[in-house]
Amino acid sequence: MTVIDTNTQDRPSAGPPGATVLEAEKVVMRFGGLVAVNNVDFTVHEGEIVGLIGPNGAGKTTFFNCLTGMYKPTSGTVKFYGKVLPPKPRAVVKAGMARTFQNIRLFGNMTALENVMVGRYCRTSSGAITSVLHGPKFRREERESRERAQELLDFVGLGKSSELLARNMPYGDQRRLEIARALATDPKLILLDEPTAGMNPLETQQAMDLIFRIRDQGLAVVVIEHDMRFIFQLCDRVLCLVRGEALIWGTPGEVQSDPRVVEAYIGGSDDDDEDEDV
């Protein structure tokens, strides 16, 4: 893959950056003798869209997993609003961070509405007895979760698909449904892993428009993506990883004009090994 020269002048303005949402300091991730991520620093501010790029095997997904509690870094720290995050995905979600995955992970036998409602359950507080007995608190929270889920389906453009089984939805709609489910957790930061993988140009543009609208709701966004045109038109800043190390960290213009980035992609593998991205 080669880096595509793009025009970043027409992208919607994010305004001045806000407070620091996420800060990774000198993150290292080792698997035995393999150093998958080596001494990487990374920051995300409120109202900012940040891209994470690199050739296959660069360590992008491994670094994502360190940020979101899937992995505990071998060394270094990950802080969310100044607090060190525990290496527990549930605790990370409750703190206000949500993510999607490169490979779609929907509940295929559940409707679109039910999939989004699953995301709401981390914000409910009904106990086991109240839930089993369908007490007033449970019924209220269930109604509120259903209403919020429908609002989010409307927001991502799937309002008329609420009763469709997830497995029967078109691929691009499944991608948007995953985003709606992540938004249902009420995050302050959402991390999207290959959100346009397998999409046609129209679906890719719709995904870009959706991410801008998410940003305009006050969320910070981090995106892993192979589509360089998409990344450079979308993001405020971009981090390029190569062999687990930060090659360059700057504006889209700075990154796409750096000859080391072009060399890294021209010399990269053509095999899509992101599922084993270490």
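Just the residues that are touching a residue at least 24 places away in the same chain (Cβ under 8 Å), in contact with a strand residue (DSSP E or B) (Cβ under 8 Å, 6 or more places away or on another chain) and either aromatic (Phe, Trp, Tyr) or open to solvent by 70 Å² or more (accessible area, probe 1.4 Å) (or both), please, taken from segment 75-104. Once the filter is applied, which keeps residues that are touching a residue at least 24 places away in the same chain (Cβ under 8 Å), in contact with a strand residue (DSSP E or B) (Cβ under 8 Å, 6 or more places away or on another chain) and either aromatic (Phe, Trp, Tyr) or open to solvent by 70 Å² or more (accessible area, probe 1.4 Å) (or both), segment 75-104 yields PHE80, TYR81, PHE101. ARG213 passes every criterion in (1) in contact with a helix residue (DSSP H, G or I) (Cβ under 9 Å, 6 or more places away or on another chain); (2) buried (at least 17 other Cβ atoms within 10 Å of the Cβ); (3) on the phi < 0 side of the Ramachandran plot apart from (2).
Within segment 125-166, the set of residues being under 17 Å from ASP186 (Cα atoms), surrounded by fewer than 16 Cβ atoms within 10 Å (Cβ to Cβ) and either modelled with pLDDT of 95 or more or polar (S, T, N, Q) (or both) comprises SER125, GLU151, ASP154.
Going by the conditions given, is ASN56 open to solvent by less than 10 Å² (accessible area, probe 1.4 Å) and over 16 Å from TRP249 (Cβ atoms)? Steps first, answer last, please.
Working: open to solvent by less than 10 Å² (accessible area, probe 1.4 Å): no; over 16 Å from TRP249 (Cβ atoms): yes.
The answer is no for ASN56.
If you check PRO195 against the conditions, is it without any contact (Cβ under 8 Å) to a residue 24 or more places away in the chain and either crowded, with 18+ Cβ neighbours inside 10 Å or farther than 26 Å from LEU67 by Cβ (or both)? In short, no.
Among the residues of segment 91-114, is there at least one that is closer than 21 Å to PHE42 by Cα, at pLDDT 90 or above, assigned to a loop (DSSP other than H, G, I, E, B) and over 19 Å from the mean Cα position of the chain (by Cα)? No: segment 91-114 contains no residue that is closer than 21 Å to PHE42 by Cα, at pLDDT 90 or above, assigned to a loop (DSSP other than H, G, I, E, B) and over 19 Å from the mean Cα position of the chain (by Cα).
Evaluate the following for ALA207: is it among the hydrophobic types (A, V, I, L, M, F, W, C), in a helix (DSSP H, G or I) and either farther than 30 Å from ARG146 by Cα or open to solvent by less than 60 Å² (accessible area, probe 1.4 Å) (or both)? Taking the combined requirement at face value, the residue satisfies it.
THR20 meets the stated requirement of being open to solvent by 50 Å² or more (accessible area, probe 1.4 Å) and within 18 Å of the chain's Cα centre (by Cα).
For segment 186-209, a residue qualifies if it is within 13 Å of the chain's Cα centre (by Cα) and within 22 Å of VAL93 (Cα to Cα), and the qualifying residues are PRO187, LYS188, LEU189, ILE190, LEU191, LEU192, ASP193, GLU194, PRO195.
Tell me, which residue of segment 252-267 that is open to solvent by 40 Å² or more (accessible area, probe 1.4 Å) and in contact (Cβ under 8 Å) with a residue 60 or more places away in the chain is nearest to LEU34 (Cα to Cα)? Looking at the filtered set, the residue picked out is GLY267.
Taking the criterion of being open to solvent by less than 40 Å² (accessible area, probe 1.4 Å) and part of a loop (DSSP other than H, G, I, E, B), the residues of segment 167-188 that qualify are MET169, ALA184, THR185, PRO187. Does ARG215 qualify as being outside any loop (DSSP other than H, G, I, E, B) and modelled with pLDDT of 95 or more? The answer is yes for ARG215.
The values are calculated or read from the model by the stated rules, or taken from the named source; none is laboratory data. As the structure is a computational prediction, the values presented were derived from the model and not from experiment. Cβ sites come from the backbone with ideal geometry, for glycine too, and all protein chains shown count toward neighbours. Only protein heavy atoms, including side chains, enter the accessible area calculation; ligands, DNA and RNA are left aside. Shrake-Rupley method; radii C 1.70, N 1.55, O 1.52, S 1.80 Å.
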